[in-house]
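S.K.: The structure is given below, and queries will be raised subsequently.
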Amino acid sequence: PDRLERYDLTKREWMTPLALQGAVTALWADAGGIYVAEGRAISRWNLDGTARTSLANAQSDVTSMFTLGNVFAFQGGGSSSGNWTTVNKLTGTVLDSFEASYSVAGLSVDTALNRAFMRSTGVSPSDIRYLDIGTNGKLIRSGDSPYHGTYPNASRTFVFPKGGRVADDSGTVYLSDGLAFSNTLGAAFKELTFRGDDVP
């Protein structure tokens with residue numbers, strides 16, 4: 001059966017699985033909860049796995065989601081490029097919706113900048129992109145790097161713990177504010193973690 005598995009790192013044991021109603025199309029977690037899209041239906045659990053609540057319903061299957069503060073944003077519905085909708089992550093109250101230039105994947109968030117990073121999908125060449133969303137859920141700005149197609153293709157982004165830089169799984173590192181090239185990690189990779197605050 002479809003379920004969400006959780007592992008307790010302190011006790012080093014599996015926790016009770018969370019039962020799902022359908023196949024997961026997007027997943028996100030933050031300090032306040034676990035967010036799961038099962039097609040068009042989005043639910044929120046407390047981190048301890050209690051109190052599942054229905055958060056929102058999209059016009060079509062949700063493919064990407066993230067939180068910034070109390071704003072929950074998801075992409076699904078609208079045109080083929082993907083419509084973004086923002087809601088209050090605690091109440092589900094709709095805040096705004098706007099069309100995106102591209103569908104995206106591989107999101108990560110720089111909370112210091114209130115900015116989400118992602119890779120565009122379904123277009124060639126792909127590029128790293130960003131979204132800035134205000135505390136009211138309104139889109140402030142969006143954009144991509146100044147190197148459209150210059151650097152290798154990628155599918156996921158990873159914000160450095162201290163902020164200020166973001167890498168994608170091609171191994172390319174960009175400055176968070178403006179997406180100027182910063183460095184390279186030397187090779188493509190599948191997963192990235194950090195030692196301390198800033199050593200990948």
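S.K.: Would you be so kind as to identify which of LEU18, ALA56, LEU95 lies farthest towards the positive end of the dipole of region 1-97, taking Lys and Arg as +1 and Asp and Glu as -1 on Cβ and the Cα centre as origin?
M.R.: LEU18
S.K.: With a ≥ b ≥ c taken as the square roots of the eigenvalues of the C-alpha gyration tensor of region 119-200, please select rounded if a/c is under 1.5 and otherwise prolate if a/b is larger than b/c or oblate if it is not? Can you show the working numbers first?
M.R.: Details: a/c = 1.88, a/b = 1.16, b/c = 1.62.
Since a/c reaches 1.5 but b/c is at least a/b, the shape of region 119-200 is classed as oblate.
S.K.: Round to the nearest 10 and report in Å² the accessible area of LYS11, as given by a 1.4 Å probe over the protein chains' heavy atoms.
M.R.: 140
S.K.: Stokes-Einstein at 37 °C, 0.692 mPa s, Kirkwood radius from Cα pairs: D for the chain in µm² s⁻¹? Walk me through the intermediate numbers first.
M.R.: Working: Rh = 17.6 Å.
Reported coefficient: 186 µm²/s.
S.K.: Also, quick follow-up: Between GLY171 and residues 5 or more places away or on another chain, which pairs have amide H atoms under 5 Å apart, with H built 1.01 Å from N, and which residues are they?
M.R.: For GLY171, the qualifying residues are PHE189.
S.K.: While we're looking at this one, here's another question. Quick one: 3J(HN,Hα) in Hz for region 160-176, Karplus 6.51/-1.76/1.60 with θ = phi - 60°, rounded, Gly and Pro as x.
M.R.: 5, x, 7, x, x, 9, 9, 10, 10, 6, 7, x, 7, 10, 10, 6, 5
S.K.: Classify region 7-86 as rounded, prolate or oblate from the Cα gyration tensor: take a ≥ b ≥ c as the square roots of its eigenvalues, call it rounded if a/c is under 1.5, otherwise prolate when a/b beats b/c and oblate if not.
M.R.: Details: a/c = 2.42, a/b = 1.86, b/c = 1.30.
Here region 7-86 falls in the prolate category.
S.K.: Which trypsin sites (Lys or Arg not before Pro) in region 94-141 sit in a loop by DSSP (not H, G, I, E or B) and have at most 13 other Cβ atoms within 10 Å of their own Cβ? Intermediate results must be reported in sequence, preceding the final value.
M.R.: Working: sites: ARG115, ARG119, ARG129, LYS138, ARG141; in loops: LYS138.
Passing sites in region 94-141 are LYS138.
S.K.: Give me a comma-separated list of calculated 3J(HN,Hα) values for region 105-119, in order, Karplus coefficients 6.51, -1.76, 1.60 applied at θ = phi - 60°, integers in Hz, x for any Gly or Pro.
M.R.: With the stated coefficients, region 105-119 comes to 7, x, 6, 8, 10, 9, 5, 5, 8, 6, 10, 9, 10, 6, 10 Hz.
S.K.: Between ALA29, ALA51, ALA73, find the one with the highest GNM mean-square fluctuation for the chain; connect C-alpha pairs within less than 10 Å.
M.R.: ALA51
S.K.: Given +1 on the Cβ of Lys and Arg, -1 on the Cβ of Asp and Glu, and no further charges, what dipole in debye does region 1-134 carry about its Cα centre, rounded to the nearest 20?
M.R.: On the way: 11 positive and 13 negative charges, 33 e Å.
So the magnitude is around 160 debye.
S.K.: Can you tell me which of 188-197, 38-47, 165-174 comes out highest on packing, and rank the rest after it, using the mean Cβ neighbours within 10 Å? It would help to have the intermediate numbers written out before the result.
M.R.: On the way: 188-197: 10.2, 38-47: 17.3, 165-174: 21.6.
In decreasing order of mean packing, 188-197, 38-47, 165-174 become 165-174, 38-47, 188-197.
The values are calculated or read from the model by the stated rules, or taken from the named source; none is laboratory data. Just so it is clear, the model here is predicted, and its values are computed rather than measured. Neighbour counts run over all protein chains shown; Cβ positions are idealised from the backbone, glycine included. Side chains are part of the model used for accessible areas, which takes the heavy atoms of the whole protein and leaves out ligands, DNA and RNA. Shrake-Rupley method; radii C 1.70, N 1.55, O 1.52, S 1.80 Å.
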